[in-house]
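Asker: Sharing a structure here in structure tokens format.
Every number in this text was worked out from the coordinates using simple rules, so none of it is lab data. Bear in mind that the values here come from a model prediction, so they are computed numbers and not experimental data. Cβ atoms come from the backbone with ideal geometry, glycine included; neighbour counts cover every protein chain shown.
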Amino acid sequence: MSDDYLRREIKLLKALQGVEYKEIAEYLEVKACSFYAWIRGSYNFSTDRKNRLYEIIGFLKDND
């Protein structure tokens, strides 16, 4: 999966379920400012971090 796909999913979680970016950053174990920079497209995550984020997205969608 691509970073752009994950960014869209994160934005949908925020818009539809009210999940805060800071909360996702905590689950991912990154600083909130780094997560915001990633959302803006300043850099891409490693494969491991993308896989972890994909799991977090699935978890948050299931627990709505």
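Asker: Can you tell me which residue within region 38-57, out of those that are aromatic (Phe, Trp, Tyr) and over 16 Å from Lys11 (Cα atoms), is nearest to the chain's Cα centre (by Cα)?
Answerer: First, the residues of region 38-57 that are aromatic (Phe, Trp, Tyr): 38, 43, 45, 54.
Retained after the next criterion (residues that are over 16 Å from Lys11 (Cα atoms)): 43, 45.
Numbers: Tyr43: 13, Phe45: 10 Å.
Filtering first and then ranking leaves Phe45.
Asker: Next up: Looking at Lys50, Lys31, which is the one that is touching a residue at least 40 places away in the same chain (Cβ under 8 Å) and either among the basic types (Lys, Arg) or in contact with a Cys (Cβ under 6 Å, 6 or more places away or on another chain) (or both)?
Answerer: Going through Lys50, Lys31 in turn, the sole match is Lys50.
Asker: In region 13-50, which residues are under 18 Å from Met1 (Cα atoms), among the aromatic types (Phe, Trp, Tyr) and surrounded by 15 or more Cβ atoms within 10 Å (Cβ to Cβ)?
Answerer: Within region 13-50, Phe35, Trp38, Phe45 qualify.
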